[in-house]
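For reference, the structure discussed in these notes is given below.
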Amino acid sequence: MKKLSSMLIALFIVFTTVYAGSAQASAANWLDTSKLSQGVITVSYDVPADKRIKLMIAKDDSSYNYNLYSNVASENFPLQQGNGTYKVSVLENTSGNKYKVVASESVTLQLSNPNAVYLSSVQNVKWSPSDKAVLKATQLTAGLKTDEQKVKAIYNYIVSNVKYDYTLASNVTTDYIPNNDNTLVTKKGICYDYSSLFATMLRSQGIPTKLVMGNTSYVSSYHAWNEVLLNGKWVTIDTTVDAGLAKTAASTLVKAADKYTAVKFY
């Protein structure tokens, strides 16, 4: 996916220049842990219109970074790195690529079902029961008995109807977030849109699905795809490739996992 790799490089530069500052908010004000049983936290931070604010979620030596927006009152974020203690920090831009920590809290996750997080609505796989994408998924899977049948029905619909948007790929910004209903209505998107839409539609039907970012031999640039829990095993599915981005790729439902290298998963 064009420009996605440069987006990740930009984020790396940003978060190597973070320094600690005094906390300006308390957990009671901005961090809601009532959905921990789903593997997510909810952040409600009053983002000033003239400030760039980011969220960092870190566990052990790994971290995930997200943008917070002034026009979004609250948003869910996944704790997808397994049980244990996470550090959740709000970062405010000070100048250039420099950020300071303005609020930080620790959260302990103890999920009995580690796959619960991959059923949740989060920033880049956002859905609600009334969404067009969810209603379409319900329609496509009506009367189907098994998860495999449901996955195939939704996969076939996306691969047959959504086309790759080369214009968007050439102009995508670092703060781009998929809008699944928009992808469904316009019937076009980049790999990020394909994988978010597929994850949304499957999660809404109770099928754990990961949105994965990384590299694959099918595509020369940084890419996004899905892993789906089927028959007790995670399988790799790439709706972007099978919709025609890589013309030489065989359109089989399950791809060989060894052709993909994951960097981030949501």
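The values are calculated or read from the model by the stated rules, or taken from the named source; none is laboratory data. The shown structure was predicted, so the numbers you read here are calculated from the model rather than taken from an experiment. Quick reminder, even Gly has a Cβ in these numbers, built from the backbone with ideal geometry, and neighbours come from all protein chains shown. Side chains are part of the model used for accessible areas, which takes the heavy atoms of the whole protein and leaves out ligands, DNA and RNA. Shrake-Rupley method; radii C 1.70, N 1.55, O 1.52, S 1.80 Å.
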- Can you tell me the order of 175-186, 51-62 when each peptide is scored by its average per-residue count of other Cβ atoms within 10 angstrom, highest first? 175-186, 51-62
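Using a Förster radius of 25 Å, what is the FRET efficiency between ALA49 and LYS264 based on their Cβ-Cβ separation? Nearest 0.05, please.
FRET efficiency, ALA49 to LYS264: 0.30.
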- Query: What does region 21-119 give for Rg and for Dmax, in Å, if only its C-alpha atoms count?
  - Reply: 13.4, 42
- Task: Would you mind putting 92-98, 233-239, 142-148 in packing order, based on average other-beta-carbon counts within 10 Å, highest first?
- Result: 233-239, 92-98, 142-148
- Query: So for region 146-244: antiparallel DSSP bridges make up what percent, rounded to the nearest 5?
  - Reply: 85
- In nm, the gap between the two label points placed 7 Å beyond Cα toward Cβ at THR85 and THR108 is 0.9
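Work through the residues other than TRP225 whose Cβ is under 14 Å from its Cβ and net out their charges, Lys, Arg +1 and Asp, Glu -1. Walk me through the numbers on the way to the answer.
Numbers: positive: LYS210, LYS255, LYS259, LYS264; negative: ASP193, GLU227, ASP238, ASP242, ASP258.
Charge balance near TRP225 sits at -1.
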- Query: Top to bottom by accessible area (1.4 Å), largest first, where do PHE265, PHE198 land?
  - Reply: PHE265, PHE198
- Item | Net charge of Cβ neighbours under 12 Å - reference LYS255; Lys, Arg +1; Asp, Glu -1 | -3
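I'd like to check one number: the per residue accessible area of region 130-252, probe 1.4 Å, reported in Å² as a whole number. It would help to have the intermediate numbers written out before the result.
On the way: 5150 Å² over 123 residues.
Normalised by residue count, the accessible surface of region 130-252 is 42 Å².
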- Note on the structure: Across 10 Å bins beginning at 0, the whole-percent shares of Cα-Cα pair distances in the chain come to 7, 30, 36, 22, 6, 0
- Counting only protein heavy atoms and using a 1.4 Å probe, what share of the accessible area of the chain belongs to carbon plus sulfur, as a whole percent? 49
- Query: So for the pair THR42, LYS187, with labels modelled 7 Å out along Cα→Cβ, what separation do we get in nm?
  - Reply: 3.7
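Normalised by the residues of region 126-189, what does the relative contact order come to in percent, with Cα pairs under 8 Å and at least six apart? Mind showing how you got there, number by number?
Values: 36 pairs, mean separation 25.6, N = 64.
Value for region 126-189: 40 percent.
Taking only C-alpha pairs under 8 Å that are 6+ residues apart, what is the relative contact order of the chain in percent? Mind dumping the intermediate values first?
Numbers: 519 pairs, mean separation 47.3, N = 266.
It comes to 18 percent, rounded to a whole number.
Please compute the length gained on full extension between TYR166 and ASN29, using 0.36 nm multiplied by the number of residues separating them and subtracting their Cα-Cα distance. Walk me through the numbers before you get to the answer.
On the way: separation 137, 0.36 × 137 = 49.32 nm, distance 4.14 nm.
That pair, TYR166 and ASN29, stretches by 45.2 nm at full extension.
So which of LYS54/LYS255; LYS126/LYS264; LYS98/LYS126; LYS132/LYS233 end up more than 26 Å apart, counting from Cα to Cα?
Working: LYS54/LYS255 34 Å; LYS126/LYS264 17 Å; LYS98/LYS126 29 Å; LYS132/LYS233 29 Å.
Over 26 Å apart, Cα to Cα: LYS54/LYS255; LYS98/LYS126; LYS132/LYS233.
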- Message: Above 16 Å lies some portion of the pair distances; for region 160-221, what is it as a whole percent of all C-alpha pairs?
- Response: 50
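Express in nm, to one decimal, how much length is gained between ILE177 and VAL254 on full extension, taking 0.36 nm for each residue of separation and deducting their alpha carbon distance.
Working: separation 77, 0.36 × 77 = 27.72 nm, distance 2.58 nm.
Taking 0.36 nm per residue and subtracting the Cα distance, the gain is 25.1 nm.
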- Message: Against the 2.2 N^0.38 Å scaling, with N counting residues, where does region 135-266 land? I'd like the Cα-based Rg ratio to two decimal places.
- Response: 0.98
- So what's the net charge close to TYR66: Lys and Arg +1, Asp and Glu -1, counting the other residues with Cβ under 13 Å from its Cβ? +2
